[in-house]
1. Taking 29 Å as the cut-off for C-alpha to C-alpha distance, list the pairs among Lys58/Lys105; Lys9/Lys136; Lys74/Lys136; Lys19/Lys136 that go past it.
2. Percent antiparallel among DSSP beta bridges with both residues in the chain, to the nearest 5?
3. Give me the one-decimal nm value for the distance between modelled label points at Glu56 and Thr130, 7 Å along each residue's Cα-to-Cβ direction.
4. Would you mind checking which residues have amide H under 5 Å from Tyr143's amide H? H placed 1.01 Å from N; only 5 or more apart, or other chain.
5. Cα-based Rg (one decimal) and Dmax (whole number) for the stretch 1-154, in Å?
6. When the helix-only estimate is applied to the chain (DSSP H runs of n ≥ 4, each -39,500 (n - 2.57), divided by the residue count), what is the mean residue ellipticity at 222 nm, nearest 500 deg cm²/dmol?
7. Heavy atoms only, probe 1.4 Å: what % of the accessible area of the stretch 1-131 goes to carbon and sulfur, would you let me know?
8. Tally Lys/Arg at +1 and Asp/Glu at -1 over every other residue whose Cβ is under 13 Å from the Cβ of Val65; what's the total?
Amino acid sequence: MKNQTLVRKYAQGLVQAVKDDSEFAAVLGELRTFLGLRAGHVRLRDALASPFVEAEAKARILREVLEQGGAGEKTVRFLGLLLEHGRLDLADEIVAALPEAWNDKLGVLTFEVTSVVPLTDAQKARLRETLEAVEKRPVSLVYRTDPGIVGGLAVRRGHIVYDASIEGGLNRMKERIQQG
């Protein structure tokens with residue numbers, strides 16, 4: 001839970017420093033490029049994580065890699081901040097949280113929609129309209145499939161889950177039967 005709080009704070013801090021959609025897209029792209037580079041280069045990953053490499057050397061390595069990759073100033077400062085505070089290991093989670101943090105800044109609610117099969121465009125549009133009517137705000141929907149939910153769909157925002165799956169219905173029925 002502590003890590004999730006840190007992830008959220010860093011993600012929110014970064015999006016507050018970004019001025020518009022194009023800058024957000026650029027920073028997000030640069031961060032994703034760095035994460036891909038770090039994942040693909042064992043020596044880079046090891047050097048940045050090693051307790052045996054001095055902090056100044058780590059910072060120099062990070063700056064050089066980012067400058068060679070053409071990263072902008074905000075990306076360089078953000079990753080440098082994570083490195084300085086010993087939080088570079090959270091970078092993947094922070095980058096994954098950025099789109100939702102950006103939507104929050106814009107007043108858009110983000111929902112994760114899980115279904116057993118991909119939804120059609122018409123189903124997606126109807127779901128978006130329904131959620132916007134219920135929430136009275138614009139929404140952003142992130143879709144994923146999971147054959148484990150049996151049928152229907154589950155819609156999650158933060159810790160709130162709207163479960164309209166067959167599995168969820170069966171679980172609710174089981175709970176009612178057990179309670180008498």
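The values are calculated or read from the model by the stated rules, or taken from the named source; none is laboratory data. What you are looking at is a predicted structure, and each value in this text was computed from that prediction instead of being measured. Glycine gets a Cβ as well: all are built from the backbone with ideal geometry, and neighbour counts include every protein chain shown. In case anyone asks, the SASA skips ligands and DNA or RNA and just uses the protein heavy atoms, side chains included. Shrake-Rupley method; radii C 1.70, N 1.55, O 1.52, S 1.80 Å.
1. Over 29 Å apart, Cα to Cα: Lys58/Lys105; Lys74/Lys136.
2. Expressed as a percentage, antiparallel bridges in the chain total about 55.
3. About 6.1 nm, to one decimal.
4. The answer is Val113.
5. 18.5, 55
6. -20500 deg cm²/dmol
7. 53
8. Charge balance in the 13 Å sphere: +3.
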